[in-house]
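Scroll down for the structure; my scribbles are underneath it.
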Amino acid sequence: MKVLVIGGGGREHALAWRLAASPRVQRVFVAPGNGGTARDARLHNVQITELEALADFAQAEKVALTVVGPEAPLAAGVVDAFRARGLRIFGPTRAAAQLESSKAFAKEFMRRHAIPTARHATFTDAAQARAYVEQQGVPIVVKADGLAAGKGVVVAQTVDEAHAAIDAMLPAGTGGGARVVIEECLAGEEASFIVLCDGQHVLPLASSQDHKRLQDGDAGPNTGGMGAYSPAPVVTPNVHAKAMHEIILPTVAGMARDGMPFTGFLYAGLMIDAKGAVRTLEFNARLGDPEAQPILMRLKSDLFDVLMHATDATLGGVELQWDRRTALGVVMAAAGYPQAPRTGDAIDGLPADSEELMVFHAGTVQRDGKTLTAGGRVLCVTALGDSVKLAQQRAYDALAGIHFDGAQHRRDIGQRAIKH
Ligand code: AMP
Ligand code: GLY
């Protein structure tokens, strides 16, 4: 059967690679793909938000299953567009994707369904938002409503910082439309908790942890994610049970009750405090990137079979098999990332992929037999090992042999897990 993966990042390379491993899959297409998916899959030159063109392609190629990587096509309604034509696709509808595409929707949903999260208020008026900050005090978190690719959140340590964030997100005289969510600043350790949903049943994936800041020790600007590993030791059996019973299951039941059954990957960003209390920082309506790379490296089950069950609403009887080892991925980013990534640098020294080491491509392109950088996050060097330390060592050993001008990476991916 034929499969289509929508997206062009490292997550989509990992999805395409795993799907291609299924004996039932003859061909994987990736739209638009990247320089790495060119090996495991065929590229199709359609942009991710050209919904009708994507559906035309799936129809013409008789694609049996489409899997959506990034949030933009979900928020634009790609699942609705495919379903309207009777095409099988795994992802949430546009309505259900609001859990990610609107922070105001997600916060209101959590309040209504008593799902633990930071206290919040939503504003369209800058003066009222500023007054709320003064009344609540700092630290406080200011978030732009709507998709912002991880750049719409300011954790303000001073009232001035919070006011500046409000003014940037609610420019005076824009005449409404823009909204900010202001919320309590939570303390603790973050983890990514991602599950598969078929509208009714839930199947948790292995836990993981991302590293969102650019520099070692969680310094520097926020990025899409500079590295991840799975499993995350902070997700103890107790935390896992709480995440399922207090967050995931009520969310899936609540979405069904509200008439928007959630199908797709549901990603809860968790904050776990020192006492083991678990709160929701955010929802994403998709797999994480780079979390998907280590998670999928550990998945032993046939991903195609699992996603066919997920789109048949028969996830209830499925169990996932995981490699017991740790997988750890380190992102290599381009010069100038995240503000202004430079493209066109030649990449040398890419190692051969193996069962224990995969270099997933993100911002790359193949040109005249060379691999060139073509985006902010370029590669995710992902390795399996019997411990976090061994996975880390294998990933960094491989990374040391890869070169492109201006490459940036963190040297401390996995340190938190080693401390546990
Ligand atoms: P979000 O896009 O909502 O996940 O926010 C991005 C990052 O901002 C999160 O990964 C956290 O590190 C931080 N953050 C968001 N909300 C809060 C909060 N209420 N308290 C503390 N940190 C937060
Ligand atoms: N790595 C964080 C995300 O995918 O949102």
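Shape class of the stretch 1-149 from the Cα gyration tensor (axes a ≥ b ≥ c, square roots of the eigenvalues): prolate, since a/c reaches 1.5 or more and a/b is larger than b/c. Annotation for the stretch 38-79: GluC sites (Glu not before Pro) lying in DSSP loop with at most 11 further Cβ atoms inside 10 Å of their Cβ do not exist.
In this calculation the C-beta distance from R27 to W322 is compared with R0 = 30 Å, giving a FRET efficiency of 0.65. Here the contact order of the stretch 137-267, divided by its residue count and restricted to Cα pairs under 8 Å and six or more residues apart, works out to 22 percent. Using the Cα gyration tensor of the chain, with a ≥ b ≥ c the square roots of its eigenvalues, what is the shape: rounded (a/c below 1.5), prolate (a/b larger than b/c) or oblate (neither)? Taking the square roots of the gyration eigenvalues as a ≥ b ≥ c, the chain is rounded. Measuring r between the beta carbons of D312 and R213 and using R0 = 56 Å, the FRET efficiency lands at 0.90. Other residues whose C-beta falls under 14 angstrom from the C-beta of D216 contribute a net charge of +3, scoring Lys and Arg +1 and Asp and Glu -1. Taking label positions 7 Å along the Cα-Cβ direction at both I418 and T158, the computed distance is 3.5 nm, reported to one decimal. Among the trypsin sites (Lys or Arg not before Pro) in the stretch 65-146, those placed in a DSSP loop whose Cβ has at most 13 other Cβ atoms within 10 Å are R85, R119. For the pair L249 and D405 in one chain, pulling the backbone fully straight at 0.36 nm per residue adds 51.5 nm over the alpha carbon distance. Restricting the trypsin sites (Lys or Arg not before Pro) of the stretch 314-362 to loop positions (DSSP other than H, G, I, E, B) with no more than 15 neighbouring Cβ atoms within 10 Å leaves R324, R342. The distance between label points at T343 and R119 comes to 4.6 nm (points 7 Å beyond Cα on the Cα→Cβ vector).
All other residues whose Cβ lies under 14 angstrom from that of A127 are scored, Lys and Arg at +1 and Asp and Glu at -1, for a net of -2.
Using the Cβ-Cβ distance between A187 and R39 with R0 set to 35 Å, the FRET efficiency from 1/(1 + (r/R0)^6) comes to roughly 0.20. Under 26 Å of direct C-alpha separation, and excluding same-chain neighbours fewer than eight residues apart, K212 reaches these lysines: K103, K107, K143, K151, K242, K275, K389, K419. Computed over the stretch 139-265, the percent of Cα pairs more than 18 Å apart is 67.
Each value in this text was obtained by applying a stated rule to the coordinates, not by laboratory testing. What you see is a predicted model, and the numbers here were worked out from it, not measured in a lab. In this analysis, Cβ positions are derived from the backbone assuming ideal geometry, glycine residues included, and neighbour counts consider all displayed protein chains.
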